[in-house]
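What follows is a single structure, and I will ask about it in a moment.
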């Protein structure tokens, strides 16, 4: 299968997702956001959670905050 075939097959879905502000690479951060939600529900502060997730996933704290803002947004 070629890239063009796959894009053609899923173009309508991709168009709708894009319209809602969802990026193709958002799937990479779903598990990270789930971890954030669990830690937040346990009563941890956001600053602590971000520091732990940054260390665990080897990502910058700035990127973690960006992902959290993006995932909390209404679409």
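The values are calculated or read from the model by the stated rules, or taken from the named source; none is laboratory data. All values reported here derive from a predicted model rather than from experimental measurement. Quick reminder, even Gly has a Cβ in these numbers, built from the backbone with ideal geometry, and neighbours come from all protein chains shown.
Hey, any hits in segment 21-30 for a residue that's free of Cβ contacts under 8 Å to residues at least 12 places away in the same chain, surrounded by 15 or more Cβ atoms within 10 Å (Cβ to Cβ) and touching a helix residue (DSSP H, G or I) at 6+ places or on another chain (Cβ under 9 Å)?
No; the residues of segment 21-30 include none that is free of Cβ contacts under 8 Å to residues at least 12 places away in the same chain, surrounded by 15 or more Cβ atoms within 10 Å (Cβ to Cβ) and touching a helix residue (DSSP H, G or I) at 6+ places or on another chain (Cβ under 9 Å).
Given the criteria part of a helix (DSSP H, G or I) and modelled with pLDDT under 95, does residue 74 qualify? Spell out how you get there, then give the answer.
On the way: part of a helix (DSSP H, G or I): no; modelled with pLDDT under 95: yes.
Considered against the rule, which asks whether it is part of a helix (DSSP H, G or I) and modelled with pLDDT under 95, residue 74 comes out as no.
Still on this structure: Please enumerate the residues belonging to segment 36-55 that are surrounded by 15 or more Cβ atoms within 10 Å (Cβ to Cβ), under 16 Å from residue 71 (Cα atoms) and either free of Cβ contacts under 8 Å to residues at least 24 places away in the same chain or over 16 Å from the mean Cα position of the chain (by Cα) (or both).
Selection gives 39, 49, 50, 53.
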